[in-house]
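The values are calculated or read from the model by the stated rules, or taken from the named source; none is laboratory data. Since the model is a prediction, treat every value here as computed from it, not as a measurement. Using ideal geometry, Cβ is built from the backbone for each residue, glycine included, and neighbour counts are taken over all protein chains shown.
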Amino acid sequence: MKCTGPSESHKLALALEYALAREAKVWKVPVFHDFTLKGTDISPFYYEKAILWIRELSSLFQFCSETFALAINFLNRLLASVKAQSKYLRCIAIACLVLAAKINEEDEIIPSVKKLAVQSGCKCSPAEIVRMERIILDKLHWDLYTATSMDFLNIFHAMVMSKWPHLLNGVPQRNPSRHVAFLTKQLQHCMAGHQVLQFKGSTLALVIITLELERVTPDWFSVITDLLKKAQVLVLP
């Protein structure tokens with residue numbers, strides 16, 4: 001991300017407005033009750049294990065961080081809509097990743113379903129993965145274009161860099177691209193925890209940015225207050 005001028009700031013504001021609208025429209029998450037997802041036998045352990053497995057596969061196939069985040073979004077929305085059982089969780093997880101890759105990745109990067117089935121070790125046949133894709137599409141009403149926590153992190157980070165580029169002067173990751181990659185790892189770590197399921201992606205991204213601003217500048221409050229206003233979050237006087 002390079003430092004930008006006023007016109008780019010306007011584009012970022014519009015991108016944030018659109019992302020917030022999309023998030024508000026489709027945001028839905030599963031709820032844990034008595035140590036399992038409501039109506040299923042999926043425990044927090046198996047849920048988090050599935051998230052980490054998706055992250056591992058995303059890295060194996062060299063998918064971008066946006067693909068990982070979108071796959072998690074699909075998984076959460078599906079688990080909030082259906083009473084899935086743990087024995088199907090891996091098939092659901094890899095199907096979510098495939099759908100996310102089809103949206104975010106170039107065609108030549110995406111392995112065949114057969115290759116995905118073999119290399120992932122998911123113990124699902126290609127036909128089962130394809131069938132699960134169709135189930136997910138049906139349950140999500142084919143509404144796959146949404147804003148994820150990764151999208152919000154990129155937007156918020158670009159906003160900060162466009163207005164306060166000097167903030168990176170005192171940190172090891174002085175290059176904006178390296179810095180957002182550093183923050184991405186923190187965000188992905190948070191996404192694997194079932195404890196933060198109830199927080200929207202925009203909220204998670206704001207938390208990551210806020211903690212980082214506290215670390216790099218004593219004037220962090222004025223910076224984050226500006227971001228909170230842009231993100232339509234109430235700021236108390």
Task: Filter result (under 12 Å from the mean Cα position of the chain (by Cα), in a helix (DSSP H, G or I) and surrounded by fewer than 20 Cβ atoms within 10 Å (Cβ to Cβ)) within region 189-234 - done: His189, Cys190, Thr203
TODO: Given the conditions (1) over 20 Å from Leu140 (Cα atoms); (2) touching a strand residue (DSSP E or B) at 6+ places or on another chain (Cβ under 9 Å); (3) small (Gly, Ala, Ser), report the number of the one that Ala84 does not fulfil.
DONE: (1)
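Here is a yes/no grid of residues against (1) in contact with an Asp or Glu (Cβ under 9 Å, 6 or more places away or on another chain); (2) of a type in the set (A, V, I, L, M):
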| site | (1), (2) |
| --- | --- |
| Ala95 | yes, yes |
| Val98 | yes, yes |
| Glu108 | no, no |
| Lys114 | no, no |
| Lys123 | no, no |
| Ala127 | no, yes |
| Arg131 | no, no |
TODO: Out of the residues in region 42-59 that are closer than 15 Å to Ile72 by Cα and without any contact (Cβ under 8 Å) to a residue 40 or more places away in the chain, state the one that is surrounded by the most Cβ atoms within 10 Å (Cβ to Cβ).
DONE: Ser58
Open item on the list: Pull out all pairs, ordered by first then second residue, where Cβ-Cβ is under 9 Å, the residues are six or more apart or on different chains, the first lies in region 13-41 and is more than 15 Å from Tyr145 (Cβ to Cβ), and the second is basic (Lys, Arg) and exposed (fewer than 15 other Cβ atoms within 10 Å of the Cβ).
Closed with: Pro30/Lys38; Val31/Lys38; Phe32/Lys38; Leu37/Lys83; Lys38/Lys83; Gly39/Lys83; Thr40/Lys83; Asp41/Lys87
- [ ] Examine region 11-18 for a residue that is in contact with a Pro (Cβ under 7 Å, 6 or more places away or on another chain), outside any loop (DSSP other than H, G, I, E, B), modelled with pLDDT under 90 and surrounded by 15 or more Cβ atoms within 10 Å (Cβ to Cβ), and state whether such a residue exists.
- [x] no
Task: Residues of region 104-129 satisfying the condition of being surrounded by fewer than 14 Cβ atoms within 10 Å (Cβ to Cβ) and part of a helix (DSSP H, G or I) - done: Asp107, Glu108, Ile109, Lys114, Lys115, Val118, Gln119, Ala127
